[in-house]
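Notes to accompany the following structure.
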Amino acid sequence: MSSPDSFDRYVRQMQFAPLGREGQERIAQARIFLCGCGALGTVLANTLVRAGVGFLRIVDRDFIEPNNLQRQVLFDEDDIAASLPKAIAAANKLRKINSQVVIEAEVADVDPTNIESYAADVDLILDGTDNFETRFLINDLALKSKRPWVYGGCLGAEGQSLTIIPEETPCLRCLIAEPPPPGESPTCDTAGILSPIINVIASIQACEALKILSGKTEAISRQWTIINLWDNSVRQIDVSGLRESVDCPACDRGEFPWLNGERASQSAVLCGRNAVQVSPPRDAASPQLDLAMLEAKLSPLGDVARNPFLLRADISPYTLTVFADGRAIISGTDEISTAKTVYAKYVGT
Amino acid sequence: MLIAVQIPTALRAEIGGTKQVSVEASTVRDALEQLELLHPKLYRSVCEETGAVRRHINLFVNLKLVRRGTGLNTALHPGDTLTIMPAVSGG
């Protein structure tokens, strides 16, 4: 627990009357699971670590690329040169920003087999993901475990946010009955993404988090917020009563198909990346991959670089980024079948 | 009566980059039928073959959410704005 003096740095925040010292004390005890640490996730982590949350668990499956720096505020060119995974680079930066916060970084793909362990000891889940599959998984877990979560999503200059308190407010599935079918929804690749909308939406999510964590849930937004910074529009759509009026499989019937694995995929095309992630089936008992052995195996085939967290091999026309947990991101294809073939050929099963 | 239909970023590619179109319609269903006639590519992104609104898309009139199914009968009035809003996944 933080000593009273350690609160000096939060004096401006505590001067804000609705929060006060009591709110700050609750925030300092609060535990958060941040699912995904890209554009939204870095802004969320930056804001909440500066605000003095007690504990932040960051889980992200990805590594940093040059085109991330335009909007992913915790990363820099040194992180790219070191080929750091996002979770590790973010944690390094955040510990320098506020050493009072306990930060846990996990380089992993959040899926039905592990999400319950990541969320078991937290008060709040924050959405920093870039795909619907993980968001619907978070929604299932949040409803089942009765933990609040805050949805955020962005595209182009447009973004949306919704605060979800299980059994009290509408959930993501009350609002969006099904995620878009693959290939039907534009991505950051086809429609682009402007950094300011990320900062706006993540800041709304972060403020909702501060309300929840300080015990001021009466102050949360009960509306679906949609902002377009290019068209200069801010819309607040009233969703009160939605939970009672729709037949939501999650809220009304306790059906959680993303959490029980029925809707889980083992491979996913990554948003805007000409890349596919391949995740071999594994459980907690599965051993870590021996990256040194893999380096020796792949070195004759192309350029290979390795650090303690991942290995990168350029084997034309593909680039393989293999993580110690066995996952790989295959760049140079949007085809899952091609990626699986490349994985099987160079990493093995 | 003339209704403004606002097109979200995610669907503007289906309609040449336009962010708003006008249709003559007295209900939400009329407005969608007009979109089917005038902008079939956009319509197919909004509605399934059965005519139901796709399950990842919401409609709202002014700032009021249109309920799935019976909400399509919602009456429109001159000057109303019908907004098409898909969930967005980036982040």
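The values are calculated or read from the model by the stated rules, or taken from the named source; none is laboratory data. All values derive from a computational prediction rather than experimental measurement. Cβ coordinates were reconstructed from backbone atoms using ideal geometry, including for glycine residues, and neighbour counts include every protein chain displayed. What goes into the accessible areas is simple: the full protein's heavy atoms, side chains included, and nothing from ligands, DNA or RNA. Shrake-Rupley method; radii C 1.70, N 1.55, O 1.52, S 1.80 Å.
Given the rule -39500 (n - 2.57) for each run of at least 4 DSSP H residues, summed and divided by the residues of chain A, what is its mean residue ellipticity at 222 nm, to the nearest 500 deg cm²/dmol?
Working: 13 runs with 113 residues, N = 349.
Taken over chain A, the calculation gives -9000 deg cm²/dmol.
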Expected output for region B:71-91, residues with a loss of 30 Å² or more in accessible area relative to the chain alone at probe 1.4 Å, reads B:Met85, B:Ala87, B:Val88, B:Ser89, B:Gly90, B:Gly91
With each pseudo-label sitting 7 Å past Cα toward Cβ, what's the B:Leu2-B:Thr70 distance in nm, one decimal?
3.4 nm
Report the label-to-label distance for A:Ile80 and A:Ala344 in nanometres (one decimal), using points 7 Å from each Cα along the Cα→Cβ vector.
3.5 nm
accessible surface per residue for region A:267-346, probe 1.4 Å, DNA/RNA/ligands not counted, whole Å² -> 49 Å²
Among DSSP bridges having both ends in chain A, what percentage is antiparallel? Round to the nearest 5.
70 percent
Given a Förster distance of 22 Å, report the FRET efficiency between A:Ala120 and A:Gln29 from their Cβ-Cβ distance, rounded to the nearest 0.05.
0.85
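For region A:267-346, what's the relative contact order in percent, using C-alpha pairs closer than 8 Å and at least 6 residues apart? Provide the component values of the computation, followed by the final result.
Details: 132 pairs, mean separation 27.4, N = 80.
It rounds to 34 percent for region A:267-346.
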Got a sec? Which residues of region A:142-181 lose 20 Å² or more of accessible surface with every protein chain in place, vs. that chain alone, 1.4 Å probe?
A:Cys154, A:Leu155, A:Glu158, A:Gln160, A:Leu175, A:Ile176, A:Ala177, A:Glu178, A:Pro180
How far apart, in nanometres, would the label points at B:Ser22 and A:Trp230 be if each is projected 7 angstrom from Cα along the Cα-to-Cβ direction?
2.4 nm
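Give me the Å³ per residue figure for the convex hull around the C-alpha atoms of chain A. Walk me through the numbers on the way to the answer.
On the way: hull volume 48.7 nm³, N = 349.
Normalising the Cα hull of chain A by residue number yields 140 Å³.
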Fraction of accessible area attributable to carbon and sulfur, region B:1-76 (%, probe 1.4 Å)
51 percent
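When ligands, DNA and RNA are left out and all protein chains stay put, how many square angstrom of accessible area per residue does region A:4-245 have with a 1.4 Å probe?
On the way: 8990 Å² over 242 residues.
That works out to 37 Å² per residue.
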Most to least packed among A:135-144, A:321-330, A:210-219 [average Cβ atoms within 10 Å]
A:135-144, A:321-330, A:210-219
Mind checking which lysines have their C-alpha under 28 Å from A:Lys96, skipping anything on the same chain fewer than 8 residues away?
A:Lys86, A:Lys211
Carbon-plus-sulfur fraction of the accessible area of region A:4-245, 1.4 Å probe, in percent?
50 percent
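Please report the buried accessible area for the interface of B with A, total over both chains, probe 1.4 Å, in Å² to the nearest 100. Let's see the in-between values first.
Numbers: alone 5580 and 15690 Å², together 18770 Å².
Summing both sides, the interface buries roughly 2500 Å².
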